[in-house]
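One structure is given here, and the rest of the page talks about it.
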Amino acid sequence: MSTFDLIAQDIEAYCEEHSTPESELLYRLNRQTHLETLNPRMLSGQLQGLFLRFIATMMRPRYILEVGTFTGYSSICLSEGLLPDGELHTIEMNEEYEDRIRDYFAQADRRDQLHLHMGDARELIDRLDYRWDLVFLDADKEDYTIYYEALLPKVRQGGFILADNTLWNGKVVHTIAHNDKDTQAITDFNRQVQEDPRVRNLLLPFRDGIMMIEKL
């Protein structure tokens, strides 16, 4: 482990200690995800969850779309910023997570505003007939460019797409191995957004990188 990794961990721990703690529901979901899933690091966690909540609270969106639910942590965080008549729709491919997601959604304060869709996002994005105020993209990385082109026309002017994992463990700044499809997909996506005149964008070096994209 490098000195940078050690410092980053210390800083992250300090930030967590000086940020609003998780609710009891999110704490239980976080813990259960770490105990019972193979890839618990995919969960947003306290800091990113708070970030998503703050963004949604500042925007006060009526319609939020999440592509990639995992166990539902980020969905619950985002939903806390919805308007009283707002809706959050979230898409998950992995059926193994469905029961857990529905269980925790049923316990959330905004339970009636949370809508889970199981299936292939490439098909479901087109079927969901909404003008999205806010989109959180956190699904399979190889299809990020496909999702982006499908999503942007359905986002309102002035709306935002937040794309997670856009630094991909720092691999985006190193030579990409010929068989590293995920890193190549992320670099292609970042370049696609950077060169797109339809948007204004900011790549944040936060956690594993969040690309903030505003539709002009």
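Nothing in this text is a laboratory measurement; each read-out follows from the coordinates by a stated rule. What you see is a predicted model, and the numbers here were worked out from it, not measured in a lab. Heads up, the Cβs are rebuilt from the backbone with ideal geometry, glycines too, and the neighbour counts pull from every protein chain shown.
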Pair list, Cβ under 6 Å, 6 or more apart: the range 188-212 residue free of Cβ contacts under 8 Å to residues at least 24 places away in the same chain, other residue in a strand (DSSP E or B): Arg200/Glu214; Asn201/Ile213; Leu202/Met212; Leu204/Ile210
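What number of residues in the range 82-117 are of a type in the set (A, V, I, L, M, F, W, C), outside any loop (DSSP other than H, G, I, E, B) and buried (at least 16 other Cβ atoms within 10 Å of the Cβ)?
So the first thing to find is which residues in the range 82-117 are of a type in the set (A, V, I, L, M, F, W, C), and the list is 82-83, 88, 91, 93, 101, 105-106, 108, 114, 116.
Within this subset, residues satisfying the condition of being outside any loop (DSSP other than H, G, I, E, B) are 88, 91, 101, 105-106, 114, 116.
Filter again for buried (at least 16 other Cβ atoms within 10 Å of the Cβ), leaving 88, 91, 101, 105, 114, 116.
Adding up the residues that qualify gives 6.
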Of all residues making up the range 59-74, the number that are on the phi > 0 side of the Ramachandran plot and either of a type in the set (Lys, Arg) or part of a strand (DSSP E or B) (or both): 1
Subset of the range 57-81 [surrounded by fewer than 24 Cβ atoms within 10 Å (Cβ to Cβ) and closer than 23 Å to Ala150 by Cα]: Met59, Arg62, Tyr63, Gly68, Phe70
Qualifying residue in the range 22-38 (condition: acidic (Asp, Glu), out of contact with any Cys (no Cβ under 9 Å at 6 or more places or on another chain), surrounded by fewer than 16 Cβ atoms within 10 Å (Cβ to Cβ) and closer than 30 Å to Lys154 by Cα): no
Filter pass, Arg41 being in a helix (DSSP H, G or I) and surrounded by 13 or more Cβ atoms within 10 Å (Cβ to Cβ): no
Within the range 60-95, tally of residues that are of a type outside the set (Asp, Glu) and more than 21 Å from Asp129 (Cβ to Cβ): 11
